[in-house]
1. Which of the residues that make up the range 262-307 are of a type in the set (D, E, K, R) and farther than 24 Å from Cys72 by Cβ?
2. Anything in the range 83-107 that is of a type outside the set (A, V, I, L, M) and either closer than 23 Å to Ala139 by Cβ or assigned to a helix (DSSP H, G or I) (or both)? List them, or say none.
3. Suppose the filter is open to solvent by 40 Å² or more (accessible area, probe 1.4 Å), small (Gly, Ala, Ser) and either modelled with pLDDT of 90 or more or under 30 Å from Ala142 (Cβ atoms) (or both); does Gly253 pass it?
4. Could you list, in sequence order, all residues of the range 254-270 that are part of a helix (DSSP H, G or I) and under 17 Å from the mean Cα position of the chain (by Cα)?
5. Of everything in the range 108-123, what is part of a helix (DSSP H, G or I) and either of a type in the set (Lys, Arg) or more than 17 Å from Asp67 (Cα to Cα) (or both)? Give them in sequence order.
6. Write out, first by first residue and then by second, each pair whose Cβ atoms fall under 9 Å of each other, whose residues are 6+ apart or on separate chains, and whose first residue, in the range 17-37, is over 19 Å from Lys103 (Cβ atoms) while the second is in a helix (DSSP H, G or I) and open to solvent by 70 Å² or more (accessible area, probe 1.4 Å).
7. Please report, ordered by residue number, the strands (runs of 3 or more DSSP E) entirely within the range 1-82 with at least 2 residues that are within 21 Å of Ile105 (Cβ to Cβ), open to solvent by 70 Å² or more (accessible area, probe 1.4 Å) and at pLDDT 85 or above.
Amino acid sequence: DTKVADWTYQVIDPNGKEKKGNIVAETELEAKNKLKLEGNMVISLTKATAFTKEISFSIGGKVKPRDLSVFCRQFTSMINAGVTILDTLEMLSDQTENKTMAKAIKGVHAEIQKGETLSDSLKKYPNVFPDIMVSMVAAGEASGKIDVAFERMSAHFEKSAKLNGMIKKAAVYPIIVVIVAIAVVIVMLVKVIPSYSDMFNDLGTELPGITKAVLAMSNFVTGYWYIIVAVVAIAVIAIKAYKKTDSGQIFFGTLARKLPIFGKLNIKTAASNYARTLSTLVYSGLPMIEALGITANTMKNALYRNALNKAREEVSKGVPLSEPITACGLFPPMVSHMTRIGEETGDLEGMLTRLADYYDEEVEMATQTVMAAIEPMIILVLAAIVGVLVAAVMAPMLTMYQAMDSL
């Protein structure tokens, strides 16, 4: 038997972007054909070395919504083209770049060969395939509309990836600026300020108060830096541990809603997540109680997670969903109104879909607003820090010049 080999490729994908990665194939021709079937133009194809395999493995990590979206879209296309589920999974495991996901797809393929259903097979890989996906596939298998379930999930994960991308993009600029600011301050305190201290001590000039204060800070940082590092490390560990407790989750959940600039963004993000996830599950035919349980688990904020779990209990008693959604007071009024109208008209899924689309746009606008507000604030803070350091450096010089003038 021919041993299956890894090939390292460089291609131009259908969108015109250059892409690199590894593909599993027995021969070079088979690897080329697989890449061309995806609409790629092959630039180079070489047998993978231990070094390139290791790099490729390191790329594959946590499975993101974007990976799930691509998987669902490709799965739908292949099933609609008449390819069997087993063949589809085999092809997808070969061409999936994320190694963690590719391994899980191979595992699902093996489970189905043993006689398991697709939903039960996916369920055995909870770190890759989320509950919402498993439940929707199960509903698709029951109704005979598995392709529709995957198509719907593709749109769901794509929107989720877009939302996460916007929020991360908004956070990148402030984080980079803060890191640079901290680095600049450390360099000033450790290198620049002490050199001025030696110079002025030699001149015998009395240092101004602001310079003495900055020098004291400089001496503390250089002399006791390990204490600072230890305190920061302990604080980070303590905060992470507290966040895992029930009271910690409630505290940080409340804080996330009440933050001056980010509060509204977090509320709108939660509203979007609730509407999009619940509409997707209801559309697939899942019972409302089960759909609410899964939706609750997708909420990152503990307040919303608890509210939806409570709503699930109320709905199981026959109470309309709109009532506990209104009573919790966590969602914007529009969410409870649209939920109630959806229940009254018998089109809850349609109303929730429109609500999700609306809040997706609101999140995008809120993200832009946050960025517009943060940028000048960061500039002001940096100006204040730099101003203090410059004043600490310049003040002794002015004092020295005044002393020389008075001679």
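The values are calculated or read from the model by the stated rules, or taken from the named source; none is laboratory data. All values derive from a computational prediction rather than experimental measurement. A quick note on method: Cβ atoms are made from the backbone with ideal geometry, for glycine too, and the neighbour counts reach across all protein chains shown. In case anyone asks, the SASA skips ligands and DNA or RNA and just uses the protein heavy atoms, side chains included. Shrake-Rupley method; radii C 1.70, N 1.55, O 1.52, S 1.80 Å.
1. Of everything in the range 262-307, those that are of a type in the set (D, E, K, R) and farther than 24 Å from Cys72 by Cβ turn out to be Lys264, Lys268, Arg305.
2. Selection gives Thr84, Asp87, Thr88, Glu90, Ser93, Asp94, Gln95, Lys99, Thr100, Lys103, Lys106, Gly107.
3. no
4. The initial filter retains those residues of the range 254-270 that are part of a helix (DSSP H, G or I), namely 254-258, 263-270.
Correct list: Ala256, Leu265, Asn266, Ile267, Lys268, Thr269, Ala270.
5. Pass one, the range 108-123, residues part of a helix (DSSP H, G or I): 108-113, 118-123.
Selection gives His109, Ala110, Glu111, Ile112, Gln113, Leu118, Ser119, Asp120, Ser121, Lys123.
6. Filtered contacts from the range 17-37: Leu37/Met91.
7. By residue number, no strands (runs of 3 or more DSSP E) qualify.
Conditions (1) at pLDDT 85 or above; (2) outside any helix (DSSP H, G or I); (3) open to solvent by 20 Å² or more (accessible area, probe 1.4 Å), marked per residue:
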position	(1), (2), (3)
Pro126	yes, yes, yes
Ala142	no, no, yes
Phe150	yes, no, no
Asn164	no, no, yes
Lys169	no, no, yes
Ile176	no, no, yes
Val180	no, no, yes
Val187	no, no, yes
Pro194	no, no, yes
